[in-house]
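Below is one structure, written out as structure tokens, with a few remarks after it.
The values are calculated or read from the model by the stated rules, or taken from the named source; none is laboratory data. Predicted model, so just to flag it, every value in this text is computed and none were measured. Cβ sites come from the backbone with ideal geometry, for glycine too, and all protein chains shown count toward neighbours. Areas reflect the complete protein model, heavy atoms only, side chains present, ligands, DNA and RNA absent. Shrake-Rupley method; radii C 1.70, N 1.55, O 1.52, S 1.80 Å.
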Amino acid sequence: MPDTSASAPLRIAIAGLGTVGAGVIRLLDTNRELVAARAGRGIEVTAVSSRDRSKDRGINHQRFHWEDDMTALAQRDDVDVVLELVGGSDGPALALSRATLAAGKGLVTANKAMIAHHGLALAEKAESLGAPLKFEAAVAVCIPLVKGLREGTSANELTKVYGILNGTCNYILTEMEATGADFAETLADAQRLGYAEADPTFDIEGIDAAHKLSILATIGFGTRLDFASVRTTGIVAVRAADIAQADALGFVIRLIAEADVADGKLLQRVRPCLVAKDHPLAPVDGPTNAVVAEGNFSGRLLFQGAGAGDGPTASAVVADLIDIARGEVGAPFSMPVGQLAPLGAEDPAERLERTYLRFTVNDRPGVLAEITAAMRDADVSIESLIQQGRGSDGGEVLVAMVTHEGPERSVAKALELLDGSESLTAAPLVLPILPS
């Protein structure tokens, strides 16, 4: 158990001295007195571990004990809390986390993948030993979102949680808006500027946002973690033409993660959506994150802030350390794991929504009639339809439409009717319109 006596400093070990681990050390050095005043006692780094002892990280790590095997940090007598800043859902990060909690020590992590996959088992272990488990930095970085939902809205029944949870995708989409460039070009620029990883799959396919959403759903609704049921669609298929068409219709495109509970079922999904320009999420640009939580007494709450970066992430990590130093433990997911509801996943087929559809088609007679006939046969009511002029790539044109509100199954049926059509040269793009 961490030493929570008022006079003793909270002794921490850091596994992983990348940008976040080094950022934590810089923050503690710079704001040492302020942190101690707010924590009620000092917070001191006693030991560290990383892959390369000789690497220059812009900090003096020679003053700390070094462990080549990071799991040894969990066994040290001079450590109360271990910071897991390695990453990865399994492997060394999970081994260290299990060892730390088994030793009765506190664990602070920024690892959303690990929490999404193994959070319940880790929380059960922490609860059984009275050890703190904190992960504010795992979701939306420096926005106090985990604490805000777990504590700030604890008196409310939340009806919905949704928002922008991936800074890389938001940067790409808003840059496409600003420049008119297409996806591939904008992604390359994002990688060059450091906003996207060399392998951006987890970001652009929506997996990163899905990890975070599953954690928020558990905290917000008191349901068991169920990452496997998150329906995920990324932004790879979004074209500059879609951005322009959305703008003409009074919308922007954002990757939206959303979760709610209805009729005893949990719906979690990540997908690009059209967002009305007067919606609070529409002006959120660049790598910023923003989340809306709707409570039955609080009403609509908006959380917004930096979604990445060593400083913001270090800020969230140290905020967790301050809570532990104060003796604030509590259930990691707002209530004990045994009380979390094991809800099944909802099939959203009967959910009502308006939809933007974009078809890439051969420019020849009868194509538009074929598409509208499929909509008619599937009971999809068309609100507006736009056919763009002849393109420069082999006579292809874009046909875009917005539907009236209707069940999602109707749009799915229309696409089934069009599946395999020789008139379509690419898979249709389906973007739901986020309600205001």
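Across all directions, the shadow cast by the convex hull of segment 290-396 built on its C-alpha atoms averages 14.1 square nanometres. One way to sum up the overall shape of segment 113-194 is the equivalent ellipsoid from its Cα gyration tensor, whose semi-axes run 35, 17, 10 Å, largest first.
Considering only THR360, THR223, THR174, the mean-square fluctuation computed in a Gaussian network model of the chain, springs between alpha carbons under 10 angstrom, is largest for THR360. Where only DSSP H runs of four or more residues are counted, the chain gives -10000 deg cm²/dmol as its mean residue ellipticity at 222 nm, each run worth -39500 (n - 2.57).
For segment 189-224, the set of trypsin sites (Lys or Arg not before Pro) satisfying both a DSSP loop assignment and a count of at most 13 other C-beta atoms within 10 Å is empty. Note on segment 75-133: along the principal axes its Cα atoms extend 28, 21, 15 Å, ordered by decreasing extent. Along its first, second and third principal axes, ordered by size, segment 1-154 spans 42, 36, 29 Å in Cα coordinates. The convex hull around the C-alpha trace of segment 337-424, projected and averaged over every direction, spans 8.1 square nanometres. Using a Gaussian network model of the chain with C-alpha springs under 10 Å, which one of ASN166, ASN111, ASN60 is most mobile by mean-square fluctuation? Of the options given, ASN60 has the highest mean-square fluctuation.
One decimal place: the segment LEU129-ARG51 gains 25.1 nm when fully extended, by the rule 0.36 nm per residue minus the C-alpha distance.
Over all distinct alpha-carbon pairs, what is the Kirkwood Rh of the chain in angstrom? Final number for the Kirkwood radius of the chain is 23.2 Å. The residues of segment 292-436 expose on average 47 square angstrom of accessible surface per residue, using a 1.4 Å probe on protein heavy atoms. Restricting the calculation to Cα atoms, segment 173-262 shows an Rg/Rh of 1.04 when the hydrodynamic-style radius is the Kirkwood one.
In a GNM of the chain with a 10 Å cut-off on Cα contacts, which of PHE359, PHE297, PHE135 has the highest mean-square fluctuation? With Cα springs under 10 Å in the chain, the top fluctuation among PHE359, PHE297, PHE135 is at PHE297. Can you pull a Stokes-Einstein diffusion coefficient for segment 229-292 at 25 °C (0.890 mPa s), Rh from Kirkwood over Cα pairs, as a whole number of µm²/s? After rounding, the answer is 188 µm²/s. Taking one quarter of the surface of the convex hull spanned by the alpha-carbon atoms of segment 69-171 gives a direction-averaged projected area of 7.8 nm². Let me know the whole percent of all Cα-Cα pairs from segment 315-378 that are separated by more than 17 Å. That tail contains 72 percent of the Cα-Cα pairs. Counting Lys +1, Arg +1, Asp -1, Glu -1, what net charge surrounds PRO432 among other residues with beta carbon under 11 Å of its beta carbon? So the surrounding residues net to 0.
The GluC sites (Glu not before Pro) of segment 355-433 that DSSP puts in a loop, and whose beta carbon has at most 12 other beta carbons within 10 Å, are GLU405, GLU422. For the chain, the fraction of 1.4 Å probe accessible surface lying on carbon and sulfur atoms is 49 percent.
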